[in-house]
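Asks: I'd like to ask you about the structure that follows.
The values are calculated or read from the model by the stated rules, or taken from the named source; none is laboratory data. Computed from a predicted model, the values in this text were never measured in an experiment. Cβ sites come from the backbone with ideal geometry, for glycine too, and all protein chains shown count toward neighbours. Heads up: the accessible areas ignore ligands, DNA and RNA and are worked out on the full protein's heavy atoms, side chains in. Shrake-Rupley method; radii C 1.70, N 1.55, O 1.52, S 1.80 Å.
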Amino acid sequence: MATSLLSSSLCIHKEAQCNQRKISASIVSGQTMSTTPTITHATTPGKKTLRTGSVIITGASSGLGLASAKALAETGKWHVIMACRDFLKAERAAKSAGIAKENYTIMHLDLSSLESVKQFVDNFRRSGRPLDALVCNAAVYQPTAKEPTFTADGFELSVGTNHLGHFLLSRLLLDDLKQSDYPSKRLIIVGSITGNTNTLAGNVPPKAGLGDLRGFSGGLNGLNSSAMIDGGKFDGAKAYKDSKVCNMLTMQEFHRRFHEDTGITFASLYPGCIATTGLFREHIPLFRILFPPFQKYITKGFVSEEESGKRLAQVVSDPSLTKSGVYWSWNKDSASFENQLSQEASDVEKARKMWEISERLVGLA
Ligand code: NDP
Ligand code: PMR
């Protein structure tokens, strides 16, 4: 880990120097691969075209994150920073997905450690790239866990990774987004139908529910407080769904606090049921066999990884999806629409309280 961070920072430092000297070179090390930033404003006679956008996607080593990285890279309009905890896995994934080398950079990020989040932000800044879009996509799901496990900072793993890691990351990178001169700057936090109790899927037990946030306020450490946000008994599936509610509340609170002043678009989405991804790796084998056909033929909510990647890519860069504060979904014809969040996932007072506790837990207040 220490070696990985060290060599990663060395490499990024090198890259920053390269940028300053405007030398075009690819730097490949054992842990981090970087390609030269394309920050130039391409021009055609008499007309200025948009420079290559720079987007960070967390958890881009598989599933939705990888598919959206590929979709964005293929447009030729985006350079993707794949923010991943496992460098080798990410490198292999990018290669086998066929993402062109010059269109991505892998940088180390472990969302289950606040120190790693801060280190990532430092490394990113040293790379000299602008930040035009940030996608908080990574997640863990522990449906069969009997006991809670914890992040480096002692928070229950699902909420600690999916929400608190992303909360710190997006709060720190907000300044970088503000500084971007890109015409449409976006911060996207991936949500889900299962966190929304106004849907059939959201009513499959255990249901999401943050209660009065007493466990969250106590630090989710399982010692002097519960490991669950609502203060109840540990349930891995519920912890994941609660983390998704936090993701959707965070997006809206960002919108209320920062959209007007910064012009940044804050959005969330339910990309469809991508039943084949690594998210279900800890589920029982029978579930992993039956889940894809169940979603394909019974609920008809199934989407392929490729299709989900195109949907997330739309939220990042489609000129018609600039509205802020929206939770996007897609209908059967794959057309996007503004979806309704459940009462809890749109509760303004709960969002404010959740934001304030999150600030305290990640050391911002
Ligand atoms: P995957 O498991 O394929 O992808 C999750 C990614 O998160 C992986 O790249 C994983 O890295 C990464 N990750 C996990 N923990 C950490 C960590 N501590 N630090 C950094 N990265 C980490 O699942 P999906 O693609 O399905 O999930 C992506 C998003 O989509 C999630 O937010 C999920 O909630 C959401 N979603 C998924 C749905 C589905 O049906 N699959 C439906 C609705 C929403 P590694 O490769 O190293 O494990
Ligand atoms: Mg669900 C329209 C019905 C629908 C949809 C779109 C989903 C999506 N699910 C639906 C219905 C049902 N599911 C029904 C009726 C059942 C009971 C048989 C059911 C069960 C079920 C389980 C056990 N579903 C699941 C699980 C999981 O473990 C998944 C989960 O909750 O992960 C957190 C899941 C999901 N169902 C979905 C989607 C998108 C998931 C993945 C969840 C996510 O990432 O939020």
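Asks: Ser96 versus (1) near ligand 1 (Cβ under 10 Å from one of its atoms); (2) part of a helix (DSSP H, G or I): which is the lone unmet condition?
Replies: (1)
Asks: Determine the pairs where a residue that is under 27 Å from Ser184 (Cβ atoms), located within the range 295-316, has a partner that is open to solvent by 50 Å² or more (accessible area, probe 1.4 Å) and away from ligand 2 (no atom under 12 Å from the Cβ) with Cβ atoms under 9 Å apart, the partner being 6 or more residues away or on another chain.
Replies: If the second residue must be open to solvent by 50 Å² or more (accessible area, probe 1.4 Å) and away from ligand 2 (no atom under 12 Å from the Cβ), the pairs left are Glu306/Lys70; Gly309/Lys70; Ala313/Lys70; Ala313/Glu74; Ala313/Thr75; Gln314/Ser320.
Asks: For Thr197, which of the numbered conditions (1) outside any loop (DSSP other than H, G, I, E, B); (2) within 16 Å of ligand 1 (Cβ to nearest atom) fails to hold?
Replies: Among (1) outside any loop (DSSP other than H, G, I, E, B); (2) within 16 Å of ligand 1 (Cβ to nearest atom), the lone unmet condition for Thr197 is (1).
Asks: If a residue has to be within 16 Å of ligand 2 (Cβ to nearest atom) and either farther than 13 Å from Leu312 by Cα or at pLDDT below 95 (or both) to count, how many in the range 57-74 make the cut?
Replies: 2
Asks: A further question on this structure: Conditions first: (1) part of a loop (DSSP other than H, G, I, E, B); (2) closer than 29 Å to Thr322 by Cβ; (3) among the β-branched types (Val, Ile, Thr). Val135 passes all but one, so which condition is the exception?
Replies: (1)
Asks: From Leu174, Leu187, grab the single residue that is more than 16 Å from ligand 1 (Cβ to nearest atom), within 17 Å of Val362 (Cβ to Cβ) and open to solvent by less than 10 Å² (accessible area, probe 1.4 Å).
Replies: Of Leu174, Leu187, the one residue that is more than 16 Å from ligand 1 (Cβ to nearest atom), within 17 Å of Val362 (Cβ to Cβ) and open to solvent by less than 10 Å² (accessible area, probe 1.4 Å) is Leu174.
Asks: Name the helices (runs of 4 or more DSSP H) wholly within the range 280-364 that hold at least 2 residues that are within 16 Å of ligand 2 (Cβ to nearest atom)?
Replies: On the way: elements: 285-293, 305-317, 348-361.
So the answer is 285-293, 305-317.
Asks: Would you check if there is a residue in the range 226-237 being open to solvent by less than 30 Å² (accessible area, probe 1.4 Å) and within 11 Å of ligand 1 (Cβ to nearest atom)?
Replies: Looking through the range 226-237, none of the residues is open to solvent by less than 30 Å² (accessible area, probe 1.4 Å) and within 11 Å of ligand 1 (Cβ to nearest atom).
Asks: For Val121, only one of the following conditions fails: (1) closer than 26 Å to Asp175 by Cα; (2) open to solvent by 30 Å² or more (accessible area, probe 1.4 Å). What is its number?
Replies: Result: Val121 passes all but (2).
Asks: Just checking, how many residues over the range 126-142 are in contact with a helix residue (DSSP H, G or I) (Cβ under 6 Å, 6 or more places away or on another chain) and either open to solvent by less than 30 Å² (accessible area, probe 1.4 Å) or of a type in the set (Gly, Ala, Ser) (or both)?
Replies: So the answer is 10.
Asks: List, please: which pairs have Cβ atoms under 7 Å, are six or more places apart or on different chains, and start with a residue in the range 278-289 that is open to solvent by 100 Å² or more (accessible area, probe 1.4 Å) and end with one that is of a type outside the set (Asp, Glu)?
Replies: Hits for this filter: Arg288/Phe280.
Asks: Would you check if Thr250 is within 18 Å of the chain's Cα centre (by Cα) and under 21 Å from Leu131 (Cα atoms)?
Replies: In short, yes.
Asks: Can I ask one more? Residue by residue through the range 329-358, note down the ones that are touching a residue at least 60 places away in the same chain (Cβ under 8 Å) and more than 12 Å from Leu213 (Cβ to Cβ).
Replies: From the range 329-358, those touching a residue at least 60 places away in the same chain (Cβ under 8 Å) are 329, 339-348, 350-355, 357-358; that's our starting set.
If the condition is that a residue be touching a residue at least 60 places away in the same chain (Cβ under 8 Å) and more than 12 Å from Leu213 (Cβ to Cβ), then Ser329, Asn339, Gln340, Leu341, Ser342, Gln343, Ala345, Ser346, Val348 are the ones that fit.
Asks: Further question on the same structure: When the range 111-132 is examined, which residues are found to be over 30 Å from Arg288 (Cβ atoms) and assigned to a helix (DSSP H, G or I)?
Replies: Correct list: Leu114, Glu115, Val117, Lys118, Gln119, Phe120, Val121, Asp122, Asn123, Phe124, Arg125, Arg126.
Asks: Might you check whether a residue that is part of a loop (DSSP other than H, G, I, E, B) and out of contact with any His (no Cβ under 6 Å at 6 or more places or on another chain) occurs anywhere in the range 166-175? Talk me through it step by step, then tell me what you get.
Replies: We begin by selecting, within the range 166-175, every residue part of a loop (DSSP other than H, G, I, E, B); these are none.
No: zero hits.
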